[in-house]
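Okay, handing you the structure first.
The values are calculated or read from the model by the stated rules, or taken from the named source; none is laboratory data. In this text the structure is predicted, and so the values were computed from the model without any measurement. All Cβ positions, even for glycine, are placed from backbone atoms using ideal geometry, and neighbour counts span all protein chains on display.
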Protein chains: 4
Amino acid sequence: MEGIVLEERPAPIPGPGEVRIRMRAHTLNHIDIWVLSGSPAYSVPCPHIMGSEGVGTVESLGVGVDPLLGLSPGQTVAISPGQGCLVCELCRSGSESLCSYYRVLGGHLPGIFSEIVCLPASRLIPVPDGVDALSASAVTLAGATAHQALVARGLAKPGEKWLVVGASGGVGHLACLLGKALKIEMVGTYGPERKREPLSRGLGIPLVSHEAADWTDRLRESSGQSFDGVLDTVGGATIPRVLPLLRKGGRAVVVGETTGAQTQFPTRELFGRQLSLHGVYLAHRMDIVAMLGWLSRGAFLPIVSSVGSLETVDPLREAYQRMIDRDFVGKIGFVWHPQGGEKE
Amino acid sequence: MEGIVLEERPAPIPGPGEVRIRMRAHTLNHIDIWVLSGSPAYSVPCPHIMGSEGVGTVESLGVGVDPLLGLSPGQTVAISPGQGCLVCELCRSGSESLCSYYRVLGGHLPGIFSEIVCLPASRLIPVPDGVDALSASAVTLAGATAHQALVARGLAKPGEKWLVVGASGGVGHLACLLGKALKIEMVGTYGPERKREPLSRGLGIPLVSHEAADWTDRLRESSGQSFDGVLDTVGGATIPRVLPLLRKGGRAVVVGETTGAQTQFPTRELFGRQLSLHGVYLAHRMDIVAMLGWLSRGAFLPIVSSVGSLETVDPLREAYQRMIDRDFVGKIGFVWHPQGGEKE
Amino acid sequence: MEGIVLEERPAPIPGPGEVRIRMRAHTLNHIDIWVLSGSPAYSVPCPHIMGSEGVGTVESLGVGVDPLLGLSPGQTVAISPGQGCLVCELCRSGSESLCSYYRVLGGHLPGIFSEIVCLPASRLIPVPDGVDALSASAVTLAGATAHQALVARGLAKPGEKWLVVGASGGVGHLACLLGKALKIEMVGTYGPERKREPLSRGLGIPLVSHEAADWTDRLRESSGQSFDGVLDTVGGATIPRVLPLLRKGGRAVVVGETTGAQTQFPTRELFGRQLSLHGVYLAHRMDIVAMLGWLSRGAFLPIVSSVGSLETVDPLREAYQRMIDRDFVGKIGFVWHPQGGEKE
Amino acid sequence: MEGIVLEERPAPIPGPGEVRIRMRAHTLNHIDIWVLSGSPAYSVPCPHIMGSEGVGTVESLGVGVDPLLGLSPGQTVAISPGQGCLVCELCRSGSESLCSYYRVLGGHLPGIFSEIVCLPASRLIPVPDGVDALSASAVTLAGATAHQALVARGLAKPGEKWLVVGASGGVGHLACLLGKALKIEMVGTYGPERKREPLSRGLGIPLVSHEAADWTDRLRESSGQSFDGVLDTVGGATIPRVLPLLRKGGRAVVVGETTGAQTQFPTRELFGRQLSLHGVYLAHRMDIVAMLGWLSRGAFLPIVSSVGSLETVDPLREAYQRMIDRDFVGKIGFVWHPQGGEKE
Ligand SMILES: [Zn+2]
Ligand SMILES: [Zn+2]
Ligand SMILES: [Zn+2]
Ligand SMILES: [Zn+2]
């Protein structure tokens, strides 16, 4: 953790096709932790600028930025963290995270936790008026993944009933909020009891703790096999426990592997009851656009605790420690020298 | 096996809404083996009439058979082995095998290996002219499952490349034939070397043996991660071996559990590469209708070895022994007192 | 109108597979008007029992009612007005209104405006607790059509913007309510100014009058080509006027022909802007089940003005006159001898 | 026509992100005719380089061509004629022809009928080995439109029966070939009797002439309302005639307006029989990739009559005259100084 430092650097100059942005608000993502812990999935050279999620204000455009993009100084933009080659069939058909060249800012590439960043114009998405910067930042990766998992693949439908395992996390709590807004009956799980109250206040849905050894048995007793779907954000060990909660023909979406590098379940559970399992990894630019749309229409409000303005690196280190200790609910964010309208 | 006997019984009389059918040709299904071996999935009282797959000729209609059905004496009909309650939302929206009341003839209900059967009219499907009875019988369950797995769920598309693990079996070989007809590039696996020649002749697709310990490594070396999908008819132990053959975003369809009651694989394989697993259990009336349509248009010919007319029970016993020993390719069938046009 | 009479008849006895129902509440449908006016689409012999929409209480079951259906005396059930042959592929795949044998109670068959009716058990749908009978009745045909048009065909998506032409009618107002509940931005049109206030109160969405000659021009000026879809309940003359309100790739759904037996528009409008037109005719049992689900979850409340208990035929005649004069908003309903819990 | 000239010009130099291509083979498209006739849909300044369809060999890369694209000198590439802004949601989700900035080479932008062209790398698509240049050229616009109409939108399915009105044209004949390859039963129409023989030889499907006044009546008599879909390449006057050939729930796809600037039909035909009309305008890069894939797998062979090498402009003028006179079948193409392997 002491490796995280705040440094003064010369402000970058936008290259051809790039845009210079003064960043305003950021949210932390588990990718930051993976990078810090040296996960092979995100191996980056040191020193490395951290950070995948953020929102800022356009300062200037480099040469050759396509005027079609409608970007201009003063505009608030969200950063799309992941991007593929933009030209292959996958990238052009809404499946860019399947592209072999898909790279994530802060994960495979230098990140964006800087006061000034220069990025290709194609990574910028205008933020609709009236959406606060921390909320917008929260949907650029965690929220977009929730949208990809529930909506973009057509896996969840209004009127259905879904369980989110790990509803207190970044993806989990945004899936609950999105699902609820779309008239899906959502039930969430959380760990330690102290999370219940803030989570319940922020989500307004039924919650059960997954700390009791028999939590799935209890859910099975109370709800039977009534869930149309499960979104498992802590995949691995939980999968064999949640499959029996699904109705015949139900779907399980897996977006993490916190509880187990191996997944095991009875084969008959899968084919005898015609279940399906779907792995989802990050999200697409379209998911961010859709989530920003929901925010601008007031459909829901992400749970973001801001550690305030980053004058020293200490609040950031503490925030990461809380993430490692799983001692937080929703998202953790910070801002740079907040201006008037900034929520701190 | 000695429990299988051929008995003389009084011919049944069709009740209200039922149709009396003189059966002509049958094909054996693995369900028969499960019933013989006392599998808990198909527990039936003894004595039990065996058999799920068959085709016959309408002899007479009971009272109250809806004239809308257009059934009349002399018509050739295939029997739909599985049927739900017909009235629930699942049954009415093409998902009848998800219905709680879904029951399979010969599996949960008395079977149809009889010269004369009486069945509810709703189980009968007219066989188009020019389709031989054994071929038609072969698609009522095994073939319909192949159709459900590849086509009805929209999992496979023309131009894609699919691997069928267990291509010599009932479902497997029909999946290969159907996929090939739909311009999907099919590759199949088989076990002992003696099956290669008859299978290759019947399917006309590239085949590899899955008896060598490193067969998936070899496929991976030659084809990379190039498969859009895998249909695994022997699910369980094979799943972790075939997932690495899939491209990012690929699909695995599981229709059996021969090789393992448990399925295990690295969680990261699922979500990091955005794969999906789909369990398919039997099929719908619509799948049978579609497959009969393909047969009538000459799209392909099921591999059926007929043991001929069933004068004694011995050929049937021997056929089941071959199925237990996995010493056959495609489907095994038999006929009753073949008439002029019957293929024996 | 004087042909409509209230008559005493012997109570019917349920035949095999039928259920006897004491009807409680009914809603009127435009089909009633078409029958009264002798429309060739609904030619019925006289005397004819009118009525397509209604809800009642099961009194007794005839012989042979499948116990799987779970029907029992005392249960509240909605009547599914339209039904096909139940056995063809269309009926079994959720497309029953495409079946050649699709017949509508009160339209092609005797109707249900009777204190006691006997109907095939397959036409009955349990009404969830807490849903009032008039609301339930309103979604059995008008509401189900709205569901078919917007949801069942996948034509409208949350986050989109839709225009309902004729938002004051049965289908129109329920489409607005359903769309709004599903987070679709809905805009509706109405005719005479006196309808604005009750409609606005019942729907809570932006409304424009289509009585001004230039209403589409005005909408085009204020909204541009921003609509993702149009549901036109008065199709014909309105189609060429609403197509220019659609964005490229937009969809128009047509569920009526009040304003013109012929539809005409510039060919280039269709293919140059990649629009699509979709005709929807009535709905499916699944649509009714879905709508009853939304009612039971409190998603919205149909606008139904009840003329009260039908002691004489006069209130019914007056109600039809109001429908012919287009002098009503939402649905018009009536009840039989209301019991305790009945809303009158 | 005399305005078409062949001129010597300095060879262009590839700008940043551009690729220099030596063109080898071209095919003519109706867009050329519209440009020649001054259609307002394609207004271009004069002088204008014509041509939308073509295939060539990469000669050199400008600076900044993304190495991810894998382009290198010597490679055979097809030109994608239409392209949007590449960055908006529509362009990134496979709907680029809905993008407001969608522009077609030769239609809205300078064309490609030149020995040397320089184009943005994003417009180039590698041609698989073994596909001849004229065939590849034929699927870049006409063929891609056929793919978009039948396959990309999911409108046609294997086992269905479709009618192509105008089967002798560029889009029409490729739709017939593609549909046939995908096991759709195709029926085509043509005009003058002299086209029957070459068309029948090239397509191998049943054909009827639409020159007889009662051709739709005759089709109706022989086939009833049995078509699942109609692809109308000459839209306008034909629409009301072909709708009655569709089964209930059938689809009509309109890709042209040759026979009428206005489309008119009975409103009841649309909603009473639940038909849908779909306008399709040009196609997407993905459609070209898919069609090149089918060509490389030998699924079919476009009908292309080459006028040979373009030493003078006369053969081109004559070819356009034949297109204006509708005196051709399939596509007309030409080559530049054919090398060894070129089909002339
Ligand atoms: Zn890519
Ligand atoms: Zn059922
Ligand atoms: Zn039917
Ligand atoms: Zn665009």
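Table: residues versus (1) more than 12 Å from chain D (Cβ to nearest Cβ); (2) more than 25 Å from C:Gly272 (Cβ to Cβ); (3) at pLDDT below 95.
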site	(1), (2), (3)
C:Met186	yes, yes, no
C:Thr189	yes, yes, no
C:Glu197	yes, yes, no
C:Glu211	yes, yes, yes
C:Arg220	yes, no, yes
C:Phe227	yes, no, no
C:Gly236	no, no, yes
C:Val242	yes, no, no
C:Ala252	no, no, no
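Being away from every other protein chain (no Cβ under 13 Å) and under 26 Å from C:Leu182 (Cα atoms) narrows it down to one of C:Ala149, C:Ala133, so name that one.
Step by step, each of C:Ala149, C:Ala133 is checked, and only C:Ala133 is away from every other protein chain (no Cβ under 13 Å) and under 26 Å from C:Leu182 (Cα atoms).
Now, a different point. When residues of the range A:303-315 are filtered for being farther than 22 Å from A:Val230 by Cβ and either modelled with pLDDT of 95 or more or touching a helix residue (DSSP H, G or I) at 6+ places or on another chain (Cβ under 9 Å) (or both), how many remain?
7
Can I ask one more? Scan the range A:128-148 for residues that are under 15 Å from A:Thr57 (Cβ atoms) and surrounded by 24 or more Cβ atoms within 10 Å (Cβ to Cβ) and jot them down.
Within the range A:128-148, A:Ala133, A:Leu134, A:Ala136, A:Ser137 meet the criteria.
Failed condition for A:Gly64, given (1) outside any strand (DSSP E or B); (2) in contact (Cβ under 8 Å) with a residue 24 or more places away in the chain; (3) more than 16 Å from ligand 4 (Cβ to nearest atom); (4) more than 10 Å from chain D (Cβ to nearest Cβ), with all others met?
With (1) outside any strand (DSSP E or B); (2) in contact (Cβ under 8 Å) with a residue 24 or more places away in the chain; (3) more than 16 Å from ligand 4 (Cβ to nearest atom); (4) more than 10 Å from chain D (Cβ to nearest Cβ) applied to A:Gly64, the lone miss is (4).
Please go through the range D:90-127 and pick out each residue that is crowded, with 19+ Cβ neighbours inside 10 Å, aromatic (Phe, Trp, Tyr) and within 11 Å of ligand 4 (Cβ to nearest atom).
Hit for the range D:90-127 is D:Tyr102, nothing else.
Could you please let me know if C:Lys157 is more than 16 Å from ligand 4 (Cβ to nearest atom) and either buried (at least 21 other Cβ atoms within 10 Å of the Cβ) or within 21 Å of C:Leu243 (Cα to Cα) (or both)?
When the stated conditions are applied, C:Lys157 passes them.
Looking at the range A:35-43, can you tell me whether even one residue there is surrounded by fewer than 16 Cβ atoms within 10 Å (Cβ to Cβ) and within 12 Å of A:Cys118 (Cβ to Cβ)?
Scanning the range A:35-43, I find no residue that is surrounded by fewer than 16 Cβ atoms within 10 Å (Cβ to Cβ) and within 12 Å of A:Cys118 (Cβ to Cβ), so the answer is no.
Something else: Within the range B:1-12, is even one residue among the aliphatic types (A, V, I, L, M) and crowded, with 16+ Cβ neighbours inside 10 Å?
Checked against the condition, which is being among the aliphatic types (A, V, I, L, M) and crowded, with 16+ Cβ neighbours inside 10 Å, the range B:1-12 yields no hits at all.
Could I ask something else about it? Would you call B:Ser122 within 14 Å of chain A (Cβ to nearest Cβ) and closer than 30 Å to C:Gly70 by Cα?
No; evaluated as a whole, the condition is false for this residue.
Can you name the number of the only condition in (1) of a type in the set (A, V, I, L, M); (2) within 14 Å of chain C (Cβ to nearest Cβ); (3) surrounded by 22 or more Cβ atoms within 10 Å (Cβ to Cβ) that B:Ile21 fails?
Answer for B:Ile21: the failing condition is (2).
Does any residue of the range D:16-31 turn out to be away from ligand 3 (no atom under 16 Å from the Cβ), within 15 Å of D:Pro120 (Cα to Cα) and among the β-branched types (Val, Ile, Thr)?
Within the range D:16-31 (the criterion being away from ligand 3 (no atom under 16 Å from the Cβ), within 15 Å of D:Pro120 (Cα to Cα) and among the β-branched types (Val, Ile, Thr)), the answer is yes, since at least one residue qualifies.
Please find, within the range A:80-89, the residue that is farthest from ligand 4 (Cβ to nearest atom) out of those that are within 14 Å of another protein chain (Cβ to nearest Cβ) and within 17 Å of the chain's Cα centre (by Cα).
Only one residue fits best here, namely A:Gly82.
Identify, from the list D:Gly106, D:Gly94, the residue that is on the phi > 0 side of the Ramachandran plot and more than 16 Å from ligand 1 (Cβ to nearest atom).
Within the list D:Gly106, D:Gly94, the selection yields D:Gly106.
Out of everything in the range B:90-113 that is within 16 Å of ligand 3 (Cβ to nearest atom) and touching a residue at least 12 places away in the same chain (Cβ under 8 Å), what residue ends up being farthest from the other protein chains (Cβ to nearest Cβ)?
Looking at residues that are within 16 Å of ligand 3 (Cβ to nearest atom) and touching a residue at least 12 places away in the same chain (Cβ under 8 Å), I get B:Glu96.
Go through C:Glu115, C:Glu53, C:Glu96 for me and flag whichever is touching a helix residue (DSSP H, G or I) at 6+ places or on another chain (Cβ under 6 Å), among the charged types (D, E, K, R) and outside the structural domain of C:Leu177 (by TED's automatic domain parsing).
C:Glu53
Please find, among D:Leu28, D:Leu86, D:Leu61, the residue that is farther than 19 Å from D:Met1 by Cβ, buried (at least 19 other Cβ atoms within 10 Å of the Cβ) and more than 16 Å from ligand 1 (Cβ to nearest atom).
Among D:Leu28, D:Leu86, D:Leu61, only D:Leu61 is farther than 19 Å from D:Met1 by Cβ, buried (at least 19 other Cβ atoms within 10 Å of the Cβ) and more than 16 Å from ligand 1 (Cβ to nearest atom).
Whether any residue in the range B:307-326 is under 30 Å from A:Arg251 (Cβ atoms) and in contact (Cβ under 8 Å) with a residue 60 or more places away in the chain is what I want to check.
Taking every residue of the range B:307-326 in turn, none turns out to be under 30 Å from A:Arg251 (Cβ atoms) and in contact (Cβ under 8 Å) with a residue 60 or more places away in the chain.
Could you tell me how many of the residues in the range C:257-291 are crowded, with 19+ Cβ neighbours inside 10 Å, at the interface with chain D (Cβ under 7 Å from one of its Cβ atoms) and closer than 17 Å to C:Asp232 by Cα?
11
To continue, here is another question. Kindly indicate whether D:Pro315 is out of contact with any Gly (no Cβ under 6 Å at 6 or more places or on another chain), within 14 Å of chain C (Cβ to nearest Cβ) and part of a helix (DSSP H, G or I).
no
Return yes or no: is C:Gly179 away from every other protein chain (no Cβ under 14 Å) and buried (at least 24 other Cβ atoms within 10 Å of the Cβ)?
Considered against the rule, which asks whether it is away from every other protein chain (no Cβ under 14 Å) and buried (at least 24 other Cβ atoms within 10 Å of the Cβ), C:Gly179 comes out as no.
Could you look through the range A:67-83, keep only residues that are assigned to a loop (DSSP other than H, G, I, E, B) and crowded, with 21+ Cβ neighbours inside 10 Å, and pick out the one that is farthest from ligand 3 (Cβ to nearest atom)?
Filtering the range A:67-83 for residues that are assigned to a loop (DSSP other than H, G, I, E, B) and crowded, with 21+ Cβ neighbours inside 10 Å, the one farthest from ligand 3 (Cβ to nearest atom) comes out as A:Pro81.
What are the residues in the range C:292-312 that are within 14 Å of another protein chain (Cβ to nearest Cβ) and in contact with a strand residue (DSSP E or B) (Cβ under 7 Å, 6 or more places away or on another chain), if any?
Correct list: C:Leu292 only.
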